[in-house]
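Below is one structure, written out as structure tokens; the observations come after it.
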């Protein structure tokens with residue numbers, strides 16, 4: 001006879017064995033899963049550590065490269081020495097261009113032996129005039145017309161003034177025909193400064209713009225902030241930012257200067273300044289290289305001026321010096337950099 005107690009014990013033993021087996025199996029699977037995940041995490045951590053070390057090495061390499069290229073564009077540079085000995089160069093810049101960029105360009109010009117004659121900044125009363133600015137300009141310069149007409153005419157006459165003081169003044173005064181839309185026909189007024197026809201008139205016009213707050217003049221040996229540098233035979237480097245619209249003022253100014261004094265002007269575009277050693281050279285939303293100079297590169301005066309679209313880089317500043325030297329030494333112009341319609345990354349290096 002089967003003992004019921006024995007049968008009950010057997011059933012309990014079976015279920016106990018099943019429970020122990022399930023528990024041991026579950027414990028084994030969980031441990032294997034945990035070990036696998038831990039291994040993957042360790043691999044990822046090691047990968048991130050390697051990438052971090054590689055990025056650090058890349059930053060160090062970029063920092064060394066920046067330092068080396070900055071030395072090429074800085075004081076005592078053999079790449080620049082003697083390229084512009086004695087050439088008087090005036091910097092023109094919009095108000096938005098950082099002072100650090102202007103100082104770096106002046107340093108490169110100084111290393112080339114150029115006579116850094118001064119810096120002219122285009123101020124908001126010219127680039128973005130208020131109603132009061134326009135009223136004052138109409139009275140002082142004898143103009144009339146709407147905001148765009150007056151601003152464009154002033155930019156054009158500023159370009160004529162610079163051309164009259166440049167390295168290649170025109171054989172005869174080149175004065176645009178009178179435009180009744182922007183010029184008054186009232187009797188002459190001694191207090192009104194008209195479109196210049198000679199060097200003296202050019203200086204008077206520049207002084208009037210300074211008095212109106214439309215330009216500021218600095219970095220000269222002369223006292224005050226309203227005098228244009230003394231002398232003549234100037235060459236010009238005009239700097240603007242890649243995110244600026246050059247059409248209202250810069251393009252009319254550059255066109256008038258280059259048309260009347262060809263191969264004396266270089267227009268340079270300064271993009272976002274990259275921190276030394278920063279591996280990121282562009283970011284989403286930044287203008288394409290060459291956006292500031294694109295209009296001039298496609299204009300009728302493209303063969304009368306040079307452009308550079310990477311002034312924020314050391315090699316862009318070197319290219320700017322070489323472009324000025326190329327104009328002076330051979331009369332050639334070029335459009336340099338990596339942006340739209342650039343003809344070459346860099347001017348041809350002159351023979352030593």
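The values are calculated or read from the model by the stated rules, or taken from the named source; none is laboratory data. Predicted model, so just to flag it, every value in this text is computed and none were measured. Here Cβ is always computed from backbone atoms with ideal geometry, including for glycine, and neighbour counts include all displayed protein chains.
Here are a few things to note about the model shown:
- Identity of the residue in the range 247-259, over 16 Å from the mean Cα position of the chain (by Cα) and crowded, with 22+ Cβ neighbours inside 10 Å, that ends up farthest from residue 158 (Cα to Cα): 258
- Per the listing 304, 319, 323, the residue uniquely in contact with a helix residue (DSSP H, G or I) (Cβ under 6 Å, 6 or more places away or on another chain) and either assigned by TED's automatic domain parsing to the domain that holds residue 288 or touching a residue at least 12 places away in the same chain (Cβ under 8 Å) (or both) is 304.
- Flag if residue 8 is at pLDDT below 75 and assigned to a helix (DSSP H, G or I): yes
- Where residue 312 falls short, out of the listed (1) in contact with a strand residue (DSSP E or B) (Cβ under 6 Å, 6 or more places away or on another chain); (2) buried (at least 24 other Cβ atoms within 10 Å of the Cβ); (3) not in a strand (DSSP E or B): (2)
- Among the residues of the range 186-224, those that are farther than 12 Å from residue 143 by Cβ, part of a loop (DSSP other than H, G, I, E, B) and at pLDDT below 90 comprise 187, 188, 189, 190, 191, 219, 220, 221, 222, 223, 224.
- Note on the range 262-272: residues that are surrounded by 24 or more Cβ atoms within 10 Å (Cβ to Cβ) and within 19 Å of residue 322 (Cα to Cα) total 7.
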